[in-house]
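Trainee: Got a structure for you, questions after.
The values are calculated or read from the model by the stated rules, or taken from the named source; none is laboratory data. Quick caveat, the model's predicted, so the values are computed rather than measured. All Cβ positions, glycine included, derive from the backbone under ideal geometry; neighbour counts span all protein chains shown. Calculation scope for accessible area: heavy atoms of the full protein, side chains included, ligands and nucleic acids excluded. Shrake-Rupley method; radii C 1.70, N 1.55, O 1.52, S 1.80 Å.
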Amino acid sequence: MATSPPASDAQGDGPQPDGPHRAGAHGPGERPSVPGLNADLGWALGVVFRSYVKAVDALFSDLPGGPRGYQLLASAAHDLAGNQGLLSQQLGIDRTVLTYLIDDLEELGLVERRPDPADRRSRQVIATDKGRALWSQRQEALRHVEQHVLGALGDDGPAFRALLQRLAAGANELDPITSVCAVVEQLMPADATGKATGRANRRR
């Protein structure tokens, strides 16, 4: 007749993996690991990017165009918008869609069109006082989003940011990008990126 195993082993008190290698165990401030993906750079970058984009999308959801509207407002607030043709190239936005986006921001009193002193046939997009105030407010909120995304790193956050910027610069030298918007659209599903504008979608 088979004998029963020692009580300690039957109750699971025998030798077990120690520390974080034990199933479901993780130290303070750490997240549970995902078997098979811990060493996958693409998965890690994707998870962080997804978290960032979701937070940013929520932050700018009340602006026409979402994140794109914020980028346009930021360019106008820094007097970098120039004429609409140049702005379209800088932001990687279709010129027709850009026109509707500027219209929406103008209706809200955030930007205005002014004749270009260098070319009276062109118009510059300038942020109003209201637009600059809103941009400043959202810029501060964006910093909080970044701190939240990097919060798990604690004091290592600044070092990680510096290394990431260095990595991004190196990658961009090998494969230059011309539009931040285009990069986001390549990485995220169509329904997860900021829509052009309600008016642009209606007129299409």
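Trainee: Scanning the stretch 95-106 for residues that are free of Cβ contacts under 8 Å to residues at least 40 places away in the same chain and more than 15 Å from ALA77 (Cβ to Cβ), which turns out most open to solvent (accessible area, probe 1.4 Å)?
Mentor: The selected residue is ARG95.
Trainee: What are the pairs, 6+ residues apart or on separate chains, where a residue within the stretch 107-125 that is within 19 Å of GLY66 (Cβ to Cβ) has its Cβ under 8 Å from a residue that is in a loop (DSSP other than H, G, I, E, B) and of a type outside the set (Gly, Ala, Ser)?
Mentor: Matching pairs, first to second residue: LEU108/PRO64; GLY109/THR128; LEU110/THR128; VAL111/THR128.
Trainee: Something else: Starting from the stretch 45-66, keep only residues that are under 19 Å from TRP135 (Cβ atoms), then list their pairs with residues that are among the hydroxyl-bearing types (Ser, Thr, Tyr) whose Cβ atoms are within a distance under 6 Å, requiring at least 6 positions of separation or different chains.
Mentor: PHE60/TYR70; LEU63/TYR70; PRO64/THR197; GLY65/THR197
Trainee: I would also like to ask the following. Within the set of pairs 6+ apart or on separate chains, which have a first residue in the stretch 130-149 that is among the hydroxyl-bearing types (Ser, Thr, Tyr), a second that is assigned to a helix (DSSP H, G or I) and open to solvent by less than 60 Å² (accessible area, probe 1.4 Å), and C-beta atoms under 8 Å apart?
Mentor: SER136/ALA77
Trainee: Here is a further query. If you go through the stretch 39-75, how many residues are assigned to a loop (DSSP other than H, G, I, E, B) and touching a Leu at 6+ places or on another chain (Cβ under 8 Å)?
Mentor: 3
Residue by residue, here is whether (1) of a type in the set (A, V, I, L, M, F, W, C); (2) open to solvent by 20 Å² or more (accessible area, probe 1.4 Å) holds:
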| position | (1), (2) |
| --- | --- |
| PHE49 | yes, yes |
| ASP57 | no, yes |
| PHE60 | yes, no |
| LEU63 | yes, no |
| GLY69 | no, no |
| LEU73 | yes, no |
| ALA77 | yes, no |
| LEU80 | yes, yes |
| LEU87 | yes, no |
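Per-residue answers, yes or no, for (1) at pLDDT below 90; (2) assigned to a helix (DSSP H, G or I); (3) exposed (fewer than 12 other Cβ atoms within 10 Å of the Cβ):
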{"position": "ARG123", "(1), (2), (3)": "yes, no, no"}
{"position": "ARG138", "(1), (2), (3)": "no, yes, no"}
{"position": "GLY154", "(1), (2), (3)": "no, yes, yes"}
{"position": "ALA159", "(1), (2), (3)": "no, yes, yes"}
{"position": "PRO176", "(1), (2), (3)": "yes, no, yes"}
{"position": "ALA182", "(1), (2), (3)": "yes, yes, no"}
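Trainee: So if I check each of GLY131, GLY109, which one is surrounded by 13 or more Cβ atoms within 10 Å (Cβ to Cβ), among the small types (Gly, Ala, Ser), modelled with pLDDT of 80 or more and touching a helix residue (DSSP H, G or I) at 6+ places or on another chain (Cβ under 7 Å)?
Mentor: Just one listed residue meets the conditions, GLY131.
Trainee: Please determine whether any residue of the stretch 77-93 is in contact with a strand residue (DSSP E or B) (Cβ under 9 Å, 6 or more places away or on another chain), small (Gly, Ala, Ser) and within 17 Å of ASP129 (Cβ to Cβ).
Mentor: Yes, there is a match, as at least one residue in the stretch 77-93 is in contact with a strand residue (DSSP E or B) (Cβ under 9 Å, 6 or more places away or on another chain), small (Gly, Ala, Ser) and within 17 Å of ASP129 (Cβ to Cβ).
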